[in-house]
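Note sheet for the following structure.
The values are calculated or read from the model by the stated rules, or taken from the named source; none is laboratory data. What you see is a predicted model; the values in this text were computed from it and never measured. Cβ placement follows ideal geometry from the backbone for every residue including glycine, while neighbour counts extend to all protein chains displayed. Just so you know, the surface numbers come from the protein's heavy atoms only, side chains and all, with ligands and any DNA or RNA stripped out. Shrake-Rupley method; radii C 1.70, N 1.55, O 1.52, S 1.80 Å.
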2 protein chains.
Amino acid sequence: MKKYIFLIFQIFGITSASVVVAQSYQVQPIPFNQVSIEDGFWSPRLKSHSLNTLQTCIHQTRDSTERINNFKKAAGLLEGQHQGIYFDDSDVYKAMEGIAYSLINNPNPEYEKLLDDWISYIAKSQQADGYLNTFYTLNHPDERWTDMEKHEMYCGGHMIEAAIAHYQATGKKSFLDVAVKFADYLDDTFGPGKQHWVPGHEEIELALVKLYHTTENKKYLDLARWLLEERGHGHGKGGIWESEWGPAYCQDDVPVSEIADIKGHAVRAMYLFTGMADVASEMNIPEYVDALKRVWEDVTQRNMYVTGGIGSSRSNEGFTEDYDLPNKTAYCETCASIGMVFWNNRMNLLSKDAKYVDILERSLYNGVLSGVNLEGNLFFYVNPLESDGDHHRQRWFGCACCPSNISRFVPSIGSYIYLKNDNEVFVNLYIGNEANFKLANTNVHLTQKTNYPWDGEIAISIDPETSVPFNLKLRIPGWCKSFGASLNGKTIEVSSIEDGYLSIERKWAPGDKIALSLEMPVELIKADDRVAENKNKRAVQRGPLVYCVEQIDNATTNIDEITISRNNIFTITQGEGKLNNMKVLTTTDKANKLTFIPYFAWDNREPGKMEVWINYKNQSSLYTN
Amino acid sequence: MKKYIFLIFQIFGITSASVVVAQSYQVQPIPFNQVSIEDGFWSPRLKSHSLNTLQTCIHQTRDSTERINNFKKAAGLLEGQHQGIYFDDSDVYKAMEGIAYSLINNPNPEYEKLLDDWISYIAKSQQADGYLNTFYTLNHPDERWTDMEKHEMYCGGHMIEAAIAHYQATGKKSFLDVAVKFADYLDDTFGPGKQHWVPGHEEIELALVKLYHTTENKKYLDLARWLLEERGHGHGKGGIWESEWGPAYCQDDVPVSEIADIKGHAVRAMYLFTGMADVASEMNIPEYVDALKRVWEDVTQRNMYVTGGIGSSRSNEGFTEDYDLPNKTAYCETCASIGMVFWNNRMNLLSKDAKYVDILERSLYNGVLSGVNLEGNLFFYVNPLESDGDHHRQRWFGCACCPSNISRFVPSIGSYIYLKNDNEVFVNLYIGNEANFKLANTNVHLTQKTNYPWDGEIAISIDPETSVPFNLKLRIPGWCKSFGASLNGKTIEVSSIEDGYLSIERKWAPGDKIALSLEMPVELIKADDRVAENKNKRAVQRGPLVYCVEQIDNATTNIDEITISRNNIFTITQGEGKLNNMKVLTTTDKANKLTFIPYFAWDNREPGKMEVWINYKNQSSLYTN
């Protein structure tokens, strides 16, 4: 049936097929190829992505490093050994996934040709048995599957994701065939009665579920589950087991159903949980869901920065003790925040509970977006919440997972806005767009207009082809404590907000209009007192955005010495220069004017100190809010 | 000069002269005769006032009680003794003051004729020496000035205020002549080398300052100061000294310059402080100002309800211990809240500090407005913060100070919106209106459009005859922690908020437009833990309005058992029925829908329980706002 739809698209010259998403959840994302973004906040970012981020990835993987050449060498088109890090193939795949996504909404023959060329190198690099990894093939052909840490399945998973994206974008099967051959090889090699294997860096699991949805071949789903079940039984291989981190570093210390505490490498954990959710939804595994809910509490209530960033330690790129959340040395890898978006998206799909979108949104607008500059060509790998002025975005990294992850994440943003099933449409994110989707055989056109996150006014028009009954569920963000809503100009009587959504159930008719007004005051956020470094400090937040002070705006003040209180009044004002399409906040401390800018926008101008958590002076009062 | 201006008005057939306000403050209110209110919130109240409140006062003083007849009797037009309470004359005066104010903006020959008639009775009741008090004249002619508690000067003060209002409204001196004769009699009788006297209920002091401004005769100001200085030296007379309350009940325990702690009867204290501020500003008495600032801290930080109401005890109609603020037995006399408006207005005039307007606004929108129903014809004397359903507004009271105070206060609301001096214009309250005033010889037309207090959007147009430089100072209310402002469409860079005002200094030109956007979220207000009854409770506030729950909206719930937390999300929705021009708030508690209505609007529908302070459940979270 899915293939038939692809065929239809191709017959009518539409190269973009429906973007594959996990389809056995009780509710599905409306994929980004059905969502056309026109938004003051996101459109410039999408433009920066297609102009600069993709070019950077192409330049860096092809021209400035050996990543593409590694494939050419493995393909026999160039002489020489693999150069670089053993997981460098994955950056090529993620860049390709980003390029493919950009093709879906912005056809571009040059990019399509580039993908064709690269796919030809990749296909030729694939071994006869289906194995594909340039590091091993070129440098250690006899040592496949000897070290869980070597990212063989991680690279393969990204290859599968890129191949599916290419297939969706172009309808061509050239790359997908490679992916299927690789997955079949894995299935031939690993599984019950075959070889044991625990991948040191998760990713393959969620990729195999995507491949199952694309091909409808259930063996990939079974393999994904088997790989999950391999964990925690001593099947890991390689030096990592003897390292200071031990098996917990790669979530191989306990069976996945028993996970309760967050441990180890942050990105790996996020990808594991994403895969677990995908498998749990397909195969109905309540123990997985229970484990995910337990560890979600542990992550979000004891181990997450206010930016939605996770993994406080540089040493293991991951988690340490509960409440150990230092600011200056915060690791908060960009990829880990992207992982938080993936995982929380899946938790929301599993539960239809908006609390997961609250975290998704926190990570998205702060931890993820800080990972790339406004032009889209400089990147943070590490996203601290405080800086002495010596931490800056880079053009690329030896370990380049973050830029390439940004390259594939940003163009997919449209997929996070809506969910639907036969009788419900969920609005999760407030981003200006036009969406077209089918609901119980009725074509529905839905538009959002908003200045979010700069204000909380959202206008939604619902235009079904003909009247159609459904439950429209508008997310009331967790940061929002009061809001108003109207339908066709009449105030909506809200009986309750269930699981974070305002439900409007009715027969929707063409021309129906919703106005949602989310009160978006500046808030001073307090951390649990057990976060030692933030005692007597506050973070400034407005809507989903965490703000920070940067030295450049506060020249006369030593920003370490800034103190605020409940009495501070913040002026919401339009930014200037590079920040000219943002709202910045100003206030005063002892006659010094202070300027707070969105955290994601820091280090876009002059280098200097930065701080999220600000000294706070308690002011006693008969009545306080 | 002032008389000359009045003459000009009269020549051109304008009967309304400038309303007299304390003129030696460094900044002056723009009086309400220069401020035409057209406002969604206040216009209906002004209409209710002129339709119903005044009619109620006329009916009650003239037809249903002996108040007017007491004057007729004292005038020799009727036979008989004084009937009623010894201070009943004051209700007539306050009703007359209200009628006169209404004439200023709404000329009405019938009301003018009624005042003429009543003034004729009053004039005839005045004794040859100037003394005027129907209780003593009719019942105890030989006992004048034997008991400080008997309100002789209190009644006289209200007579003076009414006479000035009548003069301002009509230009006629018939009533003013009576007032001057009375004041001259006081000045002949009391003062240095003459009789000692401490009025048991303050009021005369502020009235004498008003009379000084009206007549420019400084002896009235001197007498006001002398009366203030009489206090605290054992000059009080009458049984009150031996009562359980002692001299502190009427602020006669310490000299006024030494006042530090709030004590005694709440209304008396407010009128005293108002008079002290007036005298301090005229005569430059820093010790008065210091005392006022000390006691202001004591009132607002330890002895004030969240509604801005004061005086927790029914027993003394006044103050008790610090933090003794019970909800169900809260006294919070309506007159005391009106007194808070008077006093805080004066403190603001003294200091140009908006913190006093924050309190004024709190008392005004909650403690004062709760004192009258929406139709303007039923009144609270006592304004508790919790009710079992047995507390209701009345048509009138034996002691009717509150209805008559409402009758003169409401039509004066326009005087609280703006202050000005030669180079500053302060916008203190956000109320839709058109104001016309002179600034450095330039006529300035200023308009405000707003839905305040239902939202925080305010549009101000400034149209001077010709361009004129001044500092426009917009109050950023204390409840408001974040706002945006623009001038002619361009965001305003705010360097600081000084004393609660956003200053915009420029040469203002015709057509200049300001947009002010005050973020107005629903807030959960916490009381100091020393307020025993509010421990583990929260009050719901939005903008200046305190909200409450009433049984009628929450039929399925025992409102005593309602519990809220930080997780509650409030929907801001349009009220229905009698509340149809208000915003009500809804939320849920354990699947029960809860409705919060503005506190001032309670007991306007079916009788039932009411509560301001709601049980609160603390929800721990890694990050809280």
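Let me know the mean shielding of B:494-505 by other chains, meaning the per-residue number of their Cβ atoms within 10 Å of its Cβ. Don't skip to the end; give the middle numbers.
On the way: counts 9, 6, 10, 8, 2, 0, 1, 0, 2, 0, 0, 0.
The shielding value for this peptide is 3.
Over what distance in Å are the Cα centres of segment A:552-625 and segment B:552-619 separated?
Segment A:552-625 and segment B:552-619 have Cα centres separated by 36 Å.
With the crude spin-label approximation of a point 7 Å out along Cα→Cβ, what separation in nm comes out for A:Asp353 versus B:Ser43?
Result for the modelled spin labels: 4.9 nm.
Need one number for the protein assembly as shown: average projected area of the convex hull over its C-alpha atoms, nm². Present the calculation step by step, with values, prior to reporting the outcome.
Numbers: hull surface 202.9 nm².
Averaging across all directions leaves 50.7 nm² for the Cα convex hull.
Over all directions, how big on average is the projection of the convex hull of the alpha-carbon atoms in segment B:84-154, in square nanometres?
Working: hull surface 21.4 nm².
Average of the hull's projected areas for segment B:84-154 equals 5.4 nm².
Determine by what factor the alpha-carbon radius of gyration of segment B:375-423 differs from 2.2 N^0.38 Å, reporting the quotient.
On the way: Rg = 15.6 Å, N = 49, 2.2 N^0.38 = 9.7 Å.
Against the empirical 2.2 N^0.38 Å value, I get 1.62 for segment B:375-423.
What net charge do the residues around A:Val444 carry, taking every other residue with its C-beta under 10 Å from that of A:Val444, with Lys and Arg at +1 and Asp and Glu at -1? Could the numbers behind the result be given before it?
Working: positive: A:Lys420, A:Lys438; negative: A:Asp463, A:Glu465.
The answer is 0.
Using label points projected 7 Å from each Cα along Cα→Cβ, tell me how many nm separate A:Ser120 and A:Lys535, to one decimal.
Once both label points are built, they end up 6.5 nm from each other.
Any idea what the A:Asp353 label distances to the other copies are, label 7 Å down the Cα→Cβ vector, nm, shortest first?
Listed shortest first, these distances are 4.9 nm.
Would you mind checking the pairs A:Lys328/A:Lys617; A:Lys490/A:Lys513; B:Lys526/B:Lys617; A:Lys355/B:Lys481; A:Lys481/A:Lys513; A:Lys72/A:Lys124 and listing those with alpha carbons more than 18 angstrom apart? All intermediate terms of the calculation are to be shown ahead of the outcome.
Numbers: A:Lys328/A:Lys617 21 Å; A:Lys490/A:Lys513 10 Å; B:Lys526/B:Lys617 12 Å; A:Lys355/B:Lys481 26 Å; A:Lys481/A:Lys513 23 Å; A:Lys72/A:Lys124 8 Å.
Where the Cα-Cα span goes over 18 Å, the pairs concerned are A:Lys328/A:Lys617; A:Lys355/B:Lys481; A:Lys481/A:Lys513.
From the label point of A:Ser315, set 7 Å along Cα to the beta carbon, how far off in nm is each other copy's matching point, shortest first?
Reported distances to equivalent positions: 6.5 nm.
For A:Met283 and A:Asn106, calculate 0.36 nm times their separation in residues minus their Cα-Cα distance, and state this gained length in nm to one decimal. Each step should come with its number before you reach the end.
Numbers: separation 177, 0.36 × 177 = 63.72 nm, distance 3.58 nm.
Net length gain for the segment: 60.1 nm.
Within 15 Å, Cβ to Cβ, of A:Lys355, how many net charges do the neighbouring residues add up to if Lys/Arg are +1 and Asp/Glu are -1? Kindly include the intermediate steps, with their values, before the conclusion.
Working: positive: A:Lys293, A:Arg294, A:Arg346, A:Lys352, A:Arg362, A:Lys473, A:Arg475, A:Lys481, B:Arg566; negative: A:Glu297, A:Asp298, A:Asp353, A:Asp358, A:Glu361, A:Glu498, A:Asp499.
It works out to a net charge of +2.
Check the straight Cα-Cα distances from A:Lys420 and name the aspartates and glutamates below 20 Å, setting aside those fewer than 8 residues away within the same chain.
A:Asp278, A:Glu282, A:Asp353, A:Asp358, A:Glu361, A:Glu434, A:Asp463, A:Glu465, A:Glu498, A:Asp499, A:Glu505, A:Asp512
So what are the three principal axis dimensions of segment A:312-424 from its Cα atoms, in whole Å, longest to shortest?
Cα extents, longest axis first: 52, 35, 21 Å.
Using 1/(1 + (r/R0)^6) with R0 = 41 angstrom and r between the beta carbons of B:Ser315 and B:Asp142, what's the FRET efficiency to the nearest 0.05?
Details: r = 32 Å, r/R0 = 0.79.
In this case the efficiency is close to 0.80.
Once you put a point 7 Å from the Cα of A:Glu606 and another 7 Å from the Cα of A:Arg566, both along the Cβ direction, what distance in nm separates them?
For A:Glu606 paired with A:Arg566, the spin-label model returns 3.7 nm.
Across segment A:526-603, what fraction of all alpha-carbon pairs, as a whole percent, falls in each successive 5 Å bin from zero upward?
Taking all Cα pairs of segment A:526-603, the binned fractions are 3, 14, 26, 26, 19, 9, 3, 1 percent.
Please state the Cα pair-distance histogram of chain A with 20 angstrom bins from zero: what percent is in each bin?
Result returned by the calculation: 20, 55, 24, 1.
What percent do you get for the relative contact order of chain A when only Cα pairs under 8 Å and 6+ apart count? Intermediate results must be reported in sequence, preceding the final value.
Details: 1316 pairs, mean separation 82.5, N = 625.
About 13 percent, as a whole number.
If you count, for each residue, the other Cβ atoms within 10 Å and average over each peptide, how do B:381-388, B:201-208 line up from highest to lowest? Before the final figure, lay out the partial values.
Numbers: B:381-388: 21.9, B:201-208: 27.6.
Per-residue Cβ counts within 10 Å, averaged per peptide and sorted highest first, yield B:201-208, B:381-388.
Report, to the nearest whole %, how much of the accessible area of segment B:207-361 belongs to carbon and sulfur atoms, 1.4 Å probe, protein only.
Values: 2060 of 4520 Å².
Its accessible area is 46 percent carbon and sulfur atoms.
Take the alpha-carbon centre of segment A:263-280, take the same for segment A:384-438, and report the distance between them in whole Å.
Going from one Cα centre to the other spans 18 Å.
Enumerate the residues in segment B:417-437 having an amide nitrogen under 17 Å from the point lying 7 Å beyond the Cα of B:His445 toward its Cβ.
B:433-437
In segment A:68-202, if every C-alpha pair distance is counted and binned at 5 Å from zero, what percent goes to each bin?
Values per bin, smallest distances first: 2, 11, 20, 24, 19, 13, 7, 3, 1, 0.
Among the trypsin sites (Lys or Arg not before Pro) in segment A:64-148, which ones are in a DSSP loop with at most 16 other Cβ atoms within 10 Å of the Cβ? Mind listing them? The partial results should precede the final answer.
On the way: sites: A:Arg67, A:Lys72, A:Lys73, A:Lys94, A:Lys113, A:Lys124, A:Arg144; in loops: A:Arg144.
Answer in residue order: A:Arg144.
Please compute the average number of Cβ atoms from other chains found within 10 Å of each residue's Cβ in peptide B:525-536. Walk me through the intermediate numbers first.
Values: counts 4, 5, 4, 5, 0, 1, 2, 0, 0, 1, 0, 0.
The shielding value for this peptide is 2.
Could you go through segment B:500-513 in sequence order and give the Karplus-derived ³J(HN,Hα) for each residue, using 6.51 cos²θ - 1.76 cosθ + 1.60 with θ = phi - 60°, rounded to whole Hz, and x for Gly and Pro?
Result, rounded to whole Hz: x, 10, 8, 9, 10, 9, 5, 7, 7, 10, x, x, 4, 10.
Could you work out the mean count of beta carbons from other protein chains within 10 Å of each residue's beta carbon in B:314-325?
Values: counts 0, 0, 0, 0, 0, 0, 0, 0, 1, 1, 0, 1.
Mean number of neighbouring Cβ atoms from other chains: 0.
Rounded, prolate or oblate: pick one for segment B:195-311, where a ≥ b ≥ c are the square roots of the eigenvalues of its C-alpha gyration tensor, a/c under 1.5 means rounded, and failing that, prolate if a/b is larger than b/c, else oblate. Provide the component values of the computation, followed by the final result.
Values: a/c = 1.81, a/b = 1.22, b/c = 1.49.
Since a/c reaches 1.5 but b/c is at least a/b, the shape of segment B:195-311 is classed as oblate.
Please quote Rg/Rh for segment A:419-518 to two decimal places, taking the Kirkwood radius as Rh and restricting both calculations to Cα atoms. Each step should come with its number before you reach the end.
Numbers: Rg = 12.7 Å, Rh = 13.6 Å.
Checking Rg against Rh, the ratio lands at 0.93.
For B:Lys113, which aspartates and glutamates qualify as cross-link partners when the Cα separation must be under 16 Å and same-chain residues fewer than eight apart are set aside?
By straight Cα distance, B:Lys113 reaches B:Glu97.
Express the carbon and sulfur contribution to the solvent-accessible surface of segment B:466-525 as a percent, rounded to the nearest whole number, probe 1.4 angstrom. Display every interim value, and only then the final one.
On the way: 1080 of 2170 Å².
After summing per-atom areas, the C and S share lands at 50 percent.
Starting from the alpha-carbon convex hull of segment A:125-260, give the projected area averaged over all orientations, in nm².
On the way: hull surface 35.0 nm².
The Cα convex hull of segment A:125-260, projected and averaged over all directions, gives 8.7 nm².
If I take the rotation axis that carries chain A onto chain B, which residue of chain A has the nearest beta-carbon, and at how many angstrom?
Here the nearest residue and distance are A:Pro521, 2.
To the nearest 500 deg cm²/dmol, what mean residue ellipticity at 222 nm is calculated for chain A from DSSP H runs of n ≥ 4 alone, each contributing -39,500 (n - 2.57), summed and divided by the residues?
On the way: 16 runs with 199 residues, N = 625.
Computed mean residue ellipticity for chain A: -10000 deg cm²/dmol.
Taking amide H positions as placed in the peptide plane 1.01 Å from N, state which residues far from A:Asp589 in sequence (5 or more) or on other chains have amide H under 5 Å from it.
Close amide H contacts, sequence-distant or interchain: A:Leu594.
Can you list, shortest first and in nm, the gaps between the label point of A:Gly40 and those of its counterparts in the other copies, using a point 7 Å from Cα in the C-beta direction?
Computed spacing set for this position: 2.2 nm.
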